[in-house]
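Data first, discussion second: the structure below is written as structure tokens.
The values are calculated or read from the model by the stated rules, or taken from the named source; none is laboratory data. Everything numeric in this text was worked out from a predicted model, so none of it was measured. Reconstructed Cβ throughout: ideal geometry from the backbone, glycine too, with neighbour counts over all protein chains shown. Side chains are part of the model used for accessible areas, which takes the heavy atoms of the whole protein and leaves out ligands, DNA and RNA. Shrake-Rupley method; radii C 1.70, N 1.55, O 1.52, S 1.80 Å.
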Amino acid sequence: MLNWLRRPDAKELGNEAFKEKNLDEAVLQYTRGLERCQGTAQTEERSKLLANRSAAHVKRGDYDAALADAEEAARLQPDWPKAWARKGKALTCLQRHKAAASSYARGLECALTSMQAKDE
């Protein structure tokens, strides 16, 4: 749900559009967010926008675009499990099951490492 007391950002607008199954609008909003999100200080935000846009592309059936966004999200944040899960989903949709399994496994490794670090 959007907070109407402040102007929502592109990611929030994209998320709302995605929830409403307005996938073209979701892709547009995530793209706008990426255009505004420049520089290394914005790496985490760029990765989130790319992962979200990847999910929207999958729902639209544009699996090549979904894979490209997921690969860039994983490149920007190689220890983020969600980026690898998005890549695995895109690869699955492209019928590239061996590569998908590898991406899912990498995501699980990242999640496990993160959980172990929190336990220490």
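Tally time: how many residues in the stretch 1-43 are in a loop (DSSP other than H, G, I, E, B), modelled with pLDDT under 95 and open to solvent by 60 Å² or more (accessible area, probe 1.4 Å)?
8
Under 8 Å between Cβ atoms, at least 6 apart or on separate chains: pull out the pairs that start in the stretch 25-46 with a residue that is over 8 Å from ALA10 (Cβ atoms) and end on any residue that is assigned to a loop (DSSP other than H, G, I, E, B) and open to solvent by 60 Å² or more (accessible area, probe 1.4 Å).
none
What number of residues within the stretch 60-83 satisfy the criterion of being surrounded by fewer than 17 Cβ atoms within 10 Å (Cβ to Cβ), acidic (Asp, Glu) and part of a helix (DSSP H, G or I)?
1
Tally up the residues in the stretch 88-98 that are open to solvent by 40 Å² or more (accessible area, probe 1.4 Å), assigned to a helix (DSSP H, G or I) and either within 21 Å of ASN15 (Cβ to Cβ) or hydrophobic (A, V, I, L, M, F, W, C) (or both), please.
Qualifying residue count for the region: 1.
Please go through the stretch 99-120 and give me each residue that is open to solvent by 100 Å² or more (accessible area, probe 1.4 Å) and over 23 Å from LEU50 (Cα atoms), ordered by number.
Passing the criteria: MET115, LYS118, ASP119, GLU120.
Report, by residue number, each residue of the stretch 50-67 that is more than 14 Å from THR92 (Cα to Cα) and touching a Ser or Thr at 6+ places or on another chain (Cβ under 8 Å).
ARG53, the sole residue that qualifies.
Could you tell me whether the stretch 6-14 includes any residue that is touching a helix residue (DSSP H, G or I) at 6+ places or on another chain (Cβ under 6 Å) and without any contact (Cβ under 8 Å) to a residue 12 or more places away in the chain?
no
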